[in-house]
1. Looking at (1) surrounded by fewer than 17 Cβ atoms within 10 Å (Cβ to Cβ); (2) among the polar types (S, T, N, Q); (3) farther than 30 Å from Phe314 by Cβ, which is the one condition that is false for Gln439?
2. With the requirement that a residue be assigned to a loop (DSSP other than H, G, I, E, B) and without any contact (Cβ under 8 Å) to a residue 60 or more places away in the chain, what does region 433-460 give you?
3. Name the one entry in Ser666, Ser647 that is of a type in the set (Gly, Ala, Ser), under 22 Å from Pro341 (Cβ atoms) and part of a strand (DSSP E or B).
4. Return the residues of region 482-499 that are touching a strand residue (DSSP E or B) at 6+ places or on another chain (Cβ under 8 Å) and within 16 Å of the ligand (Cβ to nearest atom); say none if nothing qualifies.
5. Got a number for residues in region 650-666 being over 21 Å from the mean Cα position of the chain (by Cα) and touching a residue at least 60 places away in the same chain (Cβ under 8 Å)?
6. Counting just the residues of region 183-208 that are within 13 Å of the ligand (Cβ to nearest atom) and open to solvent by less than 10 Å² (accessible area, probe 1.4 Å), which one comes out nearest to the chain's Cα centre (by Cα)?
7. When you go through Glu622, Glu641 one by one, which is the residue that is among the acidic types (Asp, Glu), open to solvent by 10 Å² or more (accessible area, probe 1.4 Å), at pLDDT 95 or above and in contact with a Ser or Thr (Cβ under 7 Å, 6 or more places away or on another chain)?
8. Does Val446 satisfy the criteria of being more than 16 Å from the ligand (Cβ to nearest atom), within 30 Å of Ala7 (Cα to Cα) and crowded, with 17+ Cβ neighbours inside 10 Å?
Amino acid sequence: MKHVDSAAHTRGESIYLDDIPLIRGSLFGAVFGSPLAHGIVRRLDVSGAEQSPGVVRVFTFQDVTGQNQIGGIVPDEPLFAEGSVHFCGMPMAFVVAVSETAARHAVGKIIVEIEPLPVITDPRVAQSEGELIVPPRTFRLGDVDGVMAECEHIIEGRTDTNGQEHLYIETQGAYAVPLENQTIRIYSSTQAPTAVQRAVSKVTGLAMHALDIEVTRLGGGFGGKEDQANGWAALCALACLHLKKPVKYAMPRTDDMVMTGKRHPYSADFTIGLDANLKILGYAVTFYQNAGAAADLSPAVLERTLFHCTNSYFIPNVRATAYSCRTNLPPNTAFRGFGGPQGMFVIEAAIAKAAEILGVPAALIQKRNLQKTGDVFPYGQLAVSEAEACWQKAEELYDIEALRRGVEEFNSANKLFKKGLAMMPVCFGISFTKTLMNQARAQVHVYTDGSVSVSTGAVEMGQGVNTKIIQVVCAVFSIDPALVKVQATRTFSVANTSPSAASATADLNGKAVLIACTAIMGRLKEVAATEPGGQEMGWKQLVMAAFLRRVSLSEHAHYATPDIHFDAGKEKGHPFAYHVYGTAIVVATLDCLRGRYTLDAVKVVHDSGVSMNPTIDRGQIEGGIVQGIGWMTMEEVVYDEMGRLRSNTLSTYKVPDIYSVPSEISIDFLHTELDNLAIFRSKAVGEPPLMYGIGAYFALRNAILAFNPSGIIPFNAPLTPEKALMGLYSNKPKHVVG
Ligand code: MOS
């Protein structure tokens, strides 16, 4: 089935936040953000803005009617700066005016005096000064110190991965509309309507039942709107409450880039120990997560880094420690993979370094250590592993030997262009790592004309969840998709929802829909069995017959993932409903004079379970690969030492475009029939494919080494053309080329 939004998207008819018709008298907001990354606020003078033409009112922390606090996991994030500032762009005032232009113009008239304090941007510095968001955590398996004595080879190293701007096409924003009796409807571009509802409730002091958060769809989220839509909605709601007028704030792109957090940069140290047969016996790793100025989702992201620190490999002795480090950057947040990719990069770097030192192909070490069913993860869960199945199928299907020979022949025939090949296996756990979040609800109404209306907690952000929900309804009712409509996600329809995140949205909400529809279908079957002529009735007739007999045609159902648990004290448990596996082969061509490169091919075998919608899943995989390649090779978030974002526009922040997409992306689904907890056994697909993109880093690295075998290439991503060039000519007498 095609994505239900495809026609409306193509015609430009789909409604995003900025397309909602405005109510007469609507006002517009603009945020004044701190110009400094750290300091004491000595003076905040908004009088110039108040007198600016068209301005209705300027709000600061003094206008907060509830608590000046939007921290989700840890209450450490004021909505408005109050006394001190902790990152550049931290909201200090919210100007509300009769037009966007008037509001933005007035922001420029705000005067602030801030006494500067030392700025920390490096997580290692933060850690050494004790600036931690939460206490460090350590996952342990076996005895890593003991086993190192038995290792034939011990390799140490350091890695650094940079952040990543979400660059959803639709920027953050909210539109708050006053209803009667202090009730507010908020249209928000959020992955988490309930998180917005909670945050606005806290800031305004209004009960959650007075806050109707509505989301039709997002123009992309990628994790950036999991927690960070809350602040903008709270600002609009607060102004709406004071002024009793609708207030809208749709962020200008630069505000969005400057004021919101990104993927967490990580620095890490590793030690890997192997025996003479290239079996990895021990792995010790320490992660320094750059959390930014407040917790946001950092503790949860940190946890997933630990969960995925051994990627697809079984390593019997592991010690992984992670520090969440407080710096003076915007609070970093969820981004597709949620800390998993950062953890996987380190183990892949450790294997690559071992391979380079030992003079063997990295693929040999990778393959020899792939996890098998029954192997234990460092967190205690036993694997039901498709790691070897995906790898073997990729080798055979794509004729890996021929690809290798092709690369070698090309490299011996060409002096100034070199190719590199890398394998990238992926293993990603599906479920929110916080067990309580693995629940969802659905409300299904069948109307007397036979049409069906479905509401869930799922937010459509392009990923196709609404299409999959329609498929679930149609499978149970045996009706045409045209009869089913998925409604906007609303906190007044479905309550206490988890964010649309963790790749789990279709599973959780789809299962709730399945339960609701099955209950209605049970009642309809009873009508069919007892009504004269019931067995011959079509859908519409049957629905009407049920209605006439006063049988309920509505259901509100609840689903909670069974059998998952995790003990954070012991760091052991069974946190994931299942894992998604896959293997990618990545081939790159590097221009060794200029450092530029193209990706020839990404060839994937992806464990889909039994894909319920191969078209949508393929789209997710292709998008994930390209986004992962962007993170690994070209997207460079740059903050200066004062904590100011230098890459704050699309001219200074380069994301993949159609020309940087690999010439070939081949995707083969590994159909796995084993029972799993996915909806219709169709495994989650949102996040895992991003990590195939990590292979692009190592393919390029291999191309550099083909040109300059003694090149020094720090494990520092993204591997931009500039860094590639430095690697190509590192450690070489100046006059020698090739
Ligand atoms: Mo997603 S990174 O779990 O919002």
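The values are calculated or read from the model by the stated rules, or taken from the named source; none is laboratory data. Keep in mind the model is a prediction, meaning the values are calculated, not measured. Cβ: placed from backbone, ideal geometry, glycine included. Neighbour counts: every protein chain shown. These area figures cover heavy atoms from the full protein model, side chains too; ligands, DNA and RNA do not enter into them. Shrake-Rupley method; radii C 1.70, N 1.55, O 1.52, S 1.80 Å.
1. (1) is the only condition that Gln439 fails.
2. Quick first cut of region 433-460, residues assigned to a loop (DSSP other than H, G, I, E, B) only: 433-434, 438, 447-451, 457-460.
Selection gives Ser451, Ala458.
3. Ser666
4. Matches in region 482-499: Thr489, Thr497, Ser498.
5. 6
6. Within region 183-208, the subset within 13 Å of the ligand (Cβ to nearest atom) is 190-192, 195.
Subset that is open to solvent by less than 10 Å² (accessible area, probe 1.4 Å): 190-192.
On the way: Thr190: 13, Gln191: 11, Ala192: 13 Å.
Selected residue: Gln191.
7. Values: Glu622 fails: in contact with a Ser or Thr (Cβ under 7 Å, 6 or more places away or on another chain).
Answer to the check: Glu641.
8. Taking the combined requirement at face value, the residue satisfies it.
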